[in-house]
Amino acid sequence: IVPQLIKYGKVIRPWVGFVYGDLTRRLARRFGINYIEGVVVQVYRNSNAEKAGIESGDVIVEAAGKPVKGADDLSAIIKPLKIGDKLPLVVVREGGKTRLSVTVAEMP
């Protein structure tokens, strides 16, 4: 944090343009999807996530080539990323898997 404060005058955090939480059986029923391990996302409008084709309700099951079973897994993958990095994702949508890539931006 100190080097960022000295260089930029603020802390810069990576942001992918969505919020996420563990997909629980209850949430899966609410969304009308089969339960799987992963995280369900809510995408911000005009964000890099939206531009990458990620949709609210998508379930992320893999990020940067690593399995995502819950929010802690995804947080550990996103936290060390730098602005401009590409984050490859595998999302489950309507029963099928889709590969997408989102560019990391600075958290607004």
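The table below lists the values:
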{"quantity": "Top-ranked residue of segment 31-68 - restricted to ones that are among the acidic types (Asp, Glu) and open to solvent by 70 Å² or more (accessible area, probe 1.4 Å), ranked as modelled with the lowest pLDDT", "calculated": "GLU37"}
{"quantity": "Pick from segment 92-108, criterion touching a residue at least 60 places away in the same chain (Cβ under 8 Å) and not in a loop (DSSP other than H, G, I, E, B), ranking: surrounded by the fewest Cβ atoms within 10 Å (Cβ to Cβ)", "calculated": "GLU106"}
{"quantity": "Every residue from segment 67-108 that is touching a helix residue (DSSP H, G or I) at 6+ places or on another chain (Cβ under 6 Å) and not aliphatic (A, V, I, L, M)", "calculated": "THR103"}
{"quantity": "Residues of segment 71-91 satisfying the condition of being assigned to a loop (DSSP other than H, G, I, E, B) and open to solvent by less than 40 Å² (accessible area, probe 1.4 Å)", "calculated": "LEU81"}
{"quantity": "Residues of segment 7-44 classified as charged (D, E, K, R), part of a loop (DSSP other than H, G, I, E, B) and closer than 20 Å to LEU89 by Cα, total", "calculated": "2"}
{"quantity": "Tally, over segment 5-30, of residues that are of a type outside the set (Gly, Ala, Ser), under 13 Å from ILE83 (Cα atoms) and surrounded by 12 or more Cβ atoms within 10 Å (Cβ to Cβ)", "calculated": "5"}
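The values are calculated or read from the model by the stated rules, or taken from the named source; none is laboratory data. Note that the structure is a prediction, hence the values are computed from the model and not measured. Reconstructed Cβ throughout: ideal geometry from the backbone, glycine too, with neighbour counts over all protein chains shown. Ligands, DNA and RNA are stripped out before the accessible areas are found, and what is left, the full protein with its side chains, is counted by its heavy atoms. Shrake-Rupley method; radii C 1.70, N 1.55, O 1.52, S 1.80 Å.
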